[in-house]
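What follows is a single structure, written as structure tokens, with notes after it.
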Amino acid sequence: MTMVYPAIFHKEDGSYWVEFPDLMGCYTYGTTIQETMEAAQESLGAYLLTLLERGEKLAVPSDISLLQPEDGFASLVSCQIDLYKDTKAVKKTLTIPSWLNDRAMSMGVNFSLALQEALISKIQL
């Protein structure tokens with residue numbers, strides 16, 4: 001699942017460091033913008049996954065247009081939290097109404113992916 005949070009990038013002594021205003025303690029750094037963005041994506045993914053594994057609620061991402069850093073710039077950072085977790089599959093048996101199954105099948109819905117997305121959305125509330 002893709003998650004997106006605003007981050008503030010700071011330049012200091014030829015390097016960059018990043019903070020996530022909505023995620024206390026989530027910081028990273030790099031020597032180039034590209035390296036720093038990659039580190040920010042990795043840090044964000046690991047941080048969010050840790051919160052989910054602890055059963056904590058995820059903060060609602062701030063509106064980036066409201067961020068006006070005095071030193072640096074704001075940017076959105078996205079990550080795929082699925083890349084940072086144990087992806088071992090667990091088989092589940094479930095039942096759904098026949099009409100729902102037929103409609104989803106005709107649309108080519110990936111049932112496993114749909115269930116994963118619904119569960120992630122549900123546990124974040």
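The values are calculated or read from the model by the stated rules, or taken from the named source; none is laboratory data. Bear in mind that the values here come from a model prediction, so they are computed numbers and not experimental data. Positions of Cβ are generated from backbone atoms using ideal geometry, with glycine treated the same way; all protein chains shown enter the neighbour counts. Each accessible area value is taken on the protein alone, full model and side chains, heavy atoms only, with ligands, DNA and RNA left out. Shrake-Rupley method; radii C 1.70, N 1.55, O 1.52, S 1.80 Å.
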Q.
How much accessible area per residue does the chain have, counting only protein heavy atoms and a probe of 1.4 Å, in square angstrom?
A. 71
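Taking all protein chains as present, what is the carbon and sulfur share of the accessible area of the chain, in % to the nearest whole number, probe 1.4 Å?
Details: 4840 of 8840 Å².
So the carbon and sulfur contribution to the accessible surface is 55 percent.
Quickly estimate the mean residue ellipticity at 222 nm for the chain, helices only: each DSSP H run with n ≥ 4 gives -39500 (n - 2.57), and the total goes over all residues, rounded to 500. Can you show the working numbers first?
Details: 3 runs with 44 residues, N = 125.
Result for the chain: -11500 deg cm²/dmol, rounded to the nearest 500.
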Q. When only Cα pairs under 8 Å and 6 or more residues apart are kept, what is the percent relative contact order across the chain?
A. 29
Q.
What's the magnitude of the charge dipole for the chain around its Cα centre, counting Lys and Arg as +1 and Asp and Glu as -1 at the beta-carbon? Answer in Debye, nearest 20.
A. 900
Q | Of (i) 18.2, 62; (ii) 18.3, 68; (iii) 14.2, 44, the label for Rg and Dmax of the Cα atoms in Å derived from the coordinates | A | (i)
